[in-house]
Amino acid sequence: VAIRLADYFQDMLSRLSTVSSPIYSRHFTLGEDEMLREKFLTLSRFGAIICCIFTSGTVIFGRPFLHLWLGGGYDDSYFALTILVFGMFFALLQNSSRSVLRAIYKHAFDAKSNLVEVVCNLTLVFKLAWRRFCHFQYAT
């Protein structure tokens, strides 16, 4: 349940970046750097506002919404939904910048930034998982 709701959120913001790609490409090919910057900032702000509204709405209204929609017994879905939405929040804030990088043919930079993000995520996962699940007790 939580994954499906988070997917709706991700799809909505992905469509915004998909719609904006031709606009970015047009301004880049015409050499209109100031217009490209203006459109990028406007759409980034719009995407950030949508992210903030959805994330805060999930935190505030997520539990009552899930209880109303699914009834009792799905209370754990709220915690899963909150974790997924917070994880997606920061990734989706970058959607418009990745769209611009693709439009201006900076694929190498996008790939390198993705690699840095993957390394950071793996480092965090292993450090947190080690602390959580790998507690050894030595016999005395």
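Some points to look at:
- Principal axis dimensions, largest first and in whole angstrom, of region 8-85 by Cα: 57, 17, 17
- Pairwise label distance in nanometres, Ile53 with Leu70, each label 7 Å out on the Cα-Cβ vector: 2.5 nm
- Set against the labelled values (1) 71, 46, 18; (2) 112, 25, 23; (3) 86, 46, 21, Cα extents along the principal axes in Å computed from this structure falls on (1).
- Cα-derived Rg to Rh of region 80-128, Kirkwood definition: 1.06
- Accessible surface of the chain [probe 1.4 Å, protein heavy atoms]: carbon and sulfur percent: 68 percent
- Tensor-based shape of region 1-53 (alpha-carbon gyration tensor, a/c under 1.5 rounded, otherwise prolate or oblate): oblate
- Between Trp130 and Leu41, the simple label model (points 7 Å from Cα in the Cβ direction) yields a spacing of 4.3 nm.
- The label-point distance for Val116 and Leu93, in a model that sets each label 7 Å from Cα toward Cβ, rounds to 1.5 nm.
- Rounded to the nearest 20 debye, the dipole magnitude of region 22-108 is 200 debye, with +1 charges on Lys and Arg beta carbons, -1 on Asp and Glu beta carbons, and the Cα centre as origin.
- Measuring r between the beta carbons of Ala108 and Phe79 and using R0 = 35 Å, the FRET efficiency lands at 0.35.
- Unit charges at the beta carbon, dipole of the chain: most positive-side option, Ser44, Ala91, Asn114: Asn114
- Cα-derived Rg to Rh of region 51-92, Kirkwood definition: 1.00
- Rounded accessible area per residue of the chain, 1.4 Å, Å²: 72 Å²
- Given a 1.4 Å probe and the protein chains as shown, Phe109 ends up with an accessible area of around 130 Å².
The values are calculated or read from the model by the stated rules, or taken from the named source; none is laboratory data. Here the structure is a predicted model, which is why all the values come from computation and not from measurement. As a convention, Cβ positions derive from the backbone with ideal geometry for all residues, glycine included, and neighbour counts pool all protein chains shown. Each accessible area value is taken on the protein alone, full model and side chains, heavy atoms only, with ligands, DNA and RNA left out. Shrake-Rupley method; radii C 1.70, N 1.55, O 1.52, S 1.80 Å.
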